[in-house]
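The values are calculated or read from the model by the stated rules, or taken from the named source; none is laboratory data. Please read these numbers as outputs of a predicted model, since none were measured by experiment. When we count neighbours, we look across all protein chains shown, and the Cβ atoms used for this are built from the backbone with ideal geometry, even at glycine. Keep in mind that these areas ignore ligands, DNA and RNA; they rest on the heavy atoms of the full protein, side chains included. Shrake-Rupley method; radii C 1.70, N 1.55, O 1.52, S 1.80 Å.
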Amino acid sequence: MSTARLKTPAGALLAGLLLWLLAWPAAAAVTVTFFGHEGAQVRGGWLYFPHAYVRLHGTLETGETVERSVGFTAASPGPQLLLFSGAGILKEPDAIYVAEGVPYLSVEISDEAFHQLSARIDWWGTREGSRYNLNKRNCIAFVADVAQRLGLRTPSHETLSPNGFLKDMVAMNPLGAVPGLLAAPVPPPLAPAG
């Protein structure tokens, strides 16, 4: 009986439409998630300080996979930064560090927004954009810049508490505040075993 339905023009059209929809690639989307890291941990002989960073992950309309976590930090950390500015660098945290992070807010963005945001993130690594100042131009200023480019409201970035900044940012951006804001932040990927 179902075979007879497919022999009609409407049935064949419906079957063709169903096959076309099944063959259609999954919807492309890139998500930006804002993370904080508590710090105050020693791992491998290194002391980790509190830090804020972003993770861009998903798939572009071209099918290209996006997986990038990045923050802004001092190129040469040390006590000199209490008194002077210095060079800053973009730093991509390792998978364990990302897995330990606390996700605060996630926003789904278009391919166009992804490309614009990627260019802005890369600017922070240029000669013009890479000046680091512990009190005014640090990891918090970096995530504030990314958030503002997505239309999110941000508290003052002149603080030394990345997690406090991110908690305040969440409070300032209720669901629906900007297009693409997700109801819950996307959790970090699991750290690789080993």
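Can you tell me which of Thr65, Thr59, Thr73 is modelled with pLDDT of 65 or more and open to solvent by 90 Å² or more (accessible area, probe 1.4 Å)? Answer to the selection: Thr65. Check whether at least one residue in the range 132-154 is part of a loop (DSSP other than H, G, I, E, B) and of a type in the set (D, E, K, R), and report yes or no. Scanning the range 132-154 turns up at least one residue that is part of a loop (DSSP other than H, G, I, E, B) and of a type in the set (D, E, K, R). Asn133 passes all but one of (1) out of contact with any Asp or Glu (no Cβ under 9 Å at 6 or more places or on another chain); (2) open to solvent by 80 Å² or more (accessible area, probe 1.4 Å); which number fails? If we test Asn133 against (1) out of contact with any Asp or Glu (no Cβ under 9 Å at 6 or more places or on another chain); (2) open to solvent by 80 Å² or more (accessible area, probe 1.4 Å), just (2) comes out false.
Restricting to the range 82-114, name every residue that is of a type in the set (A, V, I, L, M) and under 23 Å from Arg137 (Cα atoms). Within the range 82-114, Leu82, Leu83, Ala87, Ile89, Leu90, Val98, Val102, Leu105 meet the criteria. Go through the residues of the range 94-104 one by one and say whether even a single one is in contact with a Phe, Trp or Tyr (Cβ under 6 Å, 6 or more places away or on another chain), surrounded by 14 or more Cβ atoms within 10 Å (Cβ to Cβ) and in a loop (DSSP other than H, G, I, E, B). The answer is yes, given that some residue of the range 94-104 is in contact with a Phe, Trp or Tyr (Cβ under 6 Å, 6 or more places away or on another chain), surrounded by 14 or more Cβ atoms within 10 Å (Cβ to Cβ) and in a loop (DSSP other than H, G, I, E, B).
Of the residues that make up the range 167-174, is at least one touching a strand residue (DSSP E or B) at 6+ places or on another chain (Cβ under 9 Å) and small (Gly, Ala, Ser)?
Going through the range 167-174, the residues touching a strand residue (DSSP E or B) at 6+ places or on another chain (Cβ under 9 Å) turn out to be 167, 169-170, 173-174.
Next cut, small (Gly, Ala, Ser) only: none.
For the range 167-174, residues touching a strand residue (DSSP E or B) at 6+ places or on another chain (Cβ under 9 Å) and small (Gly, Ala, Ser): absent.
You will find that of Ala184, Ala171, Ala144, the residue that is of a type in the set (Gly, Ala, Ser) and touching a helix residue (DSSP H, G or I) at 6+ places or on another chain (Cβ under 9 Å) is Ala144 and no other.
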